[in-house]
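Okay, structure first, notes after.
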Amino acid sequence: MRFTDATFAGSFPDYEKAPKTGLSEIAFGGRSNVGKSSLLNSLLKRKELARISKTPGKTRLLNFFVLSDKEGKPLACFVDLPGFGYAKVSAAERKSWQSMVERYIEKSSLLKGFLLLIDSRRGVQEEEHQLVEYLLHQGKMVCPVLTKSDKLNRSQKADVVKKTTEILGPFGENVNYPILHSSKDGMGNDLIWRWMNERINDES
Ligand code: GTP
Ligand code: MG
């Protein structure tokens, strides 16, 4: 995909309320503060398209971004999802976030790939494992992205890739090999683009 521009298309609590673009979608999901918005900006080489915050829980709605080519023709859509697992919200609020994300995943037939962000210092926890199970059950393709890898040394990087592969490998071919990423220097962006392009061009 040769995008030249990306614009914020709006925040919506419900997939039904989002504009019907008919474009293929790639979702960015994972724990709160894991680096979803930073990854989106890094892939698009934009500093502040998606809002980044040191305070977890910044993204509270489904945020849509439309990518377009140099003629302005829309190509695809990125969806920045609210994060899960943030302790400082009420149980009711947490439930409403979860159902917002689940409703989106279940309703969007245009969702071609799910980038599951995992903090490279924590690795796969119970929540991520359950989410992969759920996504596969919904027929979605998953790419695990190990974020903030600039905080690890070489052997720690190798270690988290090995452990993640051991845990997620048994899920089979709809879960990609984990990709180490850093929003500081763009490490991993090429591999993630390759995976996304395959998903978007895959008509199945
Ligand atoms: P919520 O929307 O609150 O769920 O957070 P998020 O997952 O969108 O995370 P966000 O991109 O806002 O980043 C959270 C914090 O992690 C910010 O302080 C970022 O600067 C930092 N961060 C994100 N990616 C990286 C990275 O690759 N390396 C480092 N060192 N810090 C990062
Ligand atoms: Mg965010």
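At a glance:
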quantity: Enumeration of residues in segment 17-31 that are outside any loop (DSSP other than H, G, I, E, B), more than 17 Å from TRP193 (Cα to Cα) and touching a residue at least 40 places away in the same chain (Cβ under 8 Å); calculated: GLY30, ARG31
quantity: Conditions (1) surrounded by 13 or more Cβ atoms within 10 Å (Cβ to Cβ); (2) under 26 Å from ALA18 (Cβ atoms): number failed by SER109; calculated: (1)
quantity: Matching residues in segment 165-204 - criterion: being of a type in the set (Val, Ile, Thr), more than 16 Å from LEU136 (Cα to Cα) and out of contact with any Phe, Trp or Tyr (no Cβ under 9 Å at 6 or more places or on another chain); calculated: ILE192, ILE200
quantity: Subset of segment 1-16 (residues that are under 24 Å from LEU131 (Cβ atoms) and touching a residue at least 60 places away in the same chain (Cβ under 8 Å)); calculated: PRO13, ASP14, TYR15, GLU16
quantity: Selection from segment 22-33 of residues that are more than 11 Å from ligand 2 (Cβ to nearest atom) and within 17 Å of LEU61 (Cβ to Cβ); calculated: GLU25, ALA27
quantity: Verdict on ILE200 being over 14 Å from the mean Cα position of the chain (by Cα) and over 18 Å from ALA27 (Cβ atoms); calculated: no
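Here, each number is a calculation from the coordinates, and none is a lab measurement. Keep in mind the model is a prediction, meaning the values are calculated, not measured. Here the Cβ is made from the backbone with ideal geometry for all residues, glycine too, and neighbour counts use every protein chain on show.
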